[in-house]
Each structure stands twice: as structure tokens, then as C-alpha cells.
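For reference, the structure discussed in these notes is given below.
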Amino acid sequence: MSIVFRGRTEIFSLSDVGWVSKGPAFKKSNEILIIFKYTYWDYENEDWANAIGLEEEEAEEFLNRWTEYKERISQEDVSG
């Protein structure tokens, strides 16, 4: 199953998301950083390459959608 997140600035498949980082580690406390399965650490720039940052309402919308998606996937795995 592939569900697509359509935000104001980004469109991507939720199945490609590896994990999400949020909080005071970023420039703004209301920002999240989405790390994809294909994201890698760029040693030259000391930052994630191909990661996406979302702020405020868009970040909240994404987190709600991604949490629902992960819960649905977990339920499908349990029920077979």
C-alpha cells in the first residue's frame, strides 16, 4: 500500500519515510525533518541529503497522516 502526502510544498509517498526528527535540534522548534529510506548523511556538508523540512501546520498535518499510516501498516501486519 502506498499513500501519498500532498503538502503545500512537497509531495511524497509515506512508504518512503524512514523516520522523523523534531524538536530543539533544528533552527525552529516547530520544524520537523523527514528522513527517507534513501536519505544519506552528506559528510562534506555535515547534513542530511535529500531530507525534507516541514514547519508548523504542514508539519502537524504530516505527523498526523504518517502516524495513521504507520498504525494501519502495523495492524495489517498483525492480522496477516
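The values are calculated or read from the model by the stated rules, or taken from the named source; none is laboratory data. Here the structure is a predicted model, which is why all the values come from computation and not from measurement. FYI the Cβ positions are ideal-geometry reconstructions off the backbone, even for glycines, and counts take in every protein chain you see.
May I ask you to verify whether Trp66 is in contact with a Phe, Trp or Tyr (Cβ under 8 Å, 6 or more places away or on another chain), loosely packed, with under 15 Cβ neighbours inside 10 Å and at pLDDT 90 or above? Taking the combined requirement at face value, the residue does not satisfy it. Within the range 44-63, residues that are farther than 17 Å from Ile11 by Cα and in contact (Cβ under 8 Å) with a residue 12 or more places away in the chain reach partners that are surrounded by fewer than 17 Cβ atoms within 10 Å (Cβ to Cβ) and among the charged types (D, E, K, R) with beta carbons closer than 8 Å, at six or more positions or on different chains, in the pairs Trp48/Asp42. Counting only residues that are under 19 Å from Lys22 (Cα atoms), assigned to a strand (DSSP E or B) and more than 10 Å from the chain's Cα centre (by Cα), the range 32-80 holds 6 of them.
Just so you know, in the range 21-54 the residues that are surrounded by 12 or more Cβ atoms within 10 Å (Cβ to Cβ) and hydroxyl-bearing (Ser, Thr, Tyr) include one that is modelled with the highest pLDDT, and it is Thr39.
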